[in-house]
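The values are calculated or read from the model by the stated rules, or taken from the named source; none is laboratory data. Everything numeric in this text was worked out from a predicted model, so none of it was measured. Neighbour counts are summed over all protein chains in view; Cβ atoms, including those assigned to glycine, are modelled from backbone coordinates with ideal geometry. Note: accessible area is taken over every heavy atom of the protein model, side chains too, but ligands, DNA and RNA are not part of it. Shrake-Rupley method; radii C 1.70, N 1.55, O 1.52, S 1.80 Å.
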Amino acid sequence: MKLNHRKTTVTFWLLFIVGIFLILQFSVFNELLSGPIFLLPIAIFFILGGLLTYFTFKEKIKGKLKKFFLLTGISALGFFACIILHNFFYALAEISGGIIILPYLMEFLHAAFFLIGIIVCPLGYLVGLIGSFVLILKGGKKWRTKLD
């Protein structure tokens, strides 16, 4: 593998490790981490998702591997973005209680971003990870030579 594709590969594996930590954080360490410490792994996950997306385009990775890397990176970006938008629209729904139609629109938007952030983004992240693993492991020499 060329040295210039190392950034994408390292970022992908870091995103995988932070993703495992997030799963553990939400399931095992849920009560131990709170406040800003709770948000730090999510912010790192977001940054790594952005870096993976950026490096995938910059290093001109092609084919199915590009699609799976992008799916993984964009899903990581979308998870944090949907959390922020969900909370933003929930707050707007609470503030705009007296206006006729606006609270219903805000309720719909905060529920939609909640579902996207909790269901769609983790599924996209999982599909991107599995697809990347399969292509990297199954392709072996073939994918390494395409990256060179």
Worksheet entry | Qualifying positions in the stretch 41-68 - open to solvent by less than 50 Å² (accessible area, probe 1.4 Å) and farther than 21 Å from Gly117 by Cβ | Phe55, Thr56, Glu59, Ile61, Gly63, Leu65
Discussion item. Any residue that is free of Cβ contacts under 8 Å to residues at least 24 places away in the same chain and small (Gly, Ala, Ser) - is there at least one of those in the stretch 35-45?
Written reply: yes
Practice prompt. Look at Phe80 and say whether it is surrounded by 20 or more Cβ atoms within 10 Å (Cβ to Cβ) and in contact (Cβ under 8 Å) with a residue 40 or more places away in the chain.
Written response: no
Fill in: Residue among Leu129, Leu102, Leu123, Leu109 that alone is surrounded by fewer than 16 Cβ atoms within 10 Å (Cβ to Cβ) and within 23 Å of the chain's Cα centre (by Cα)
Leu123
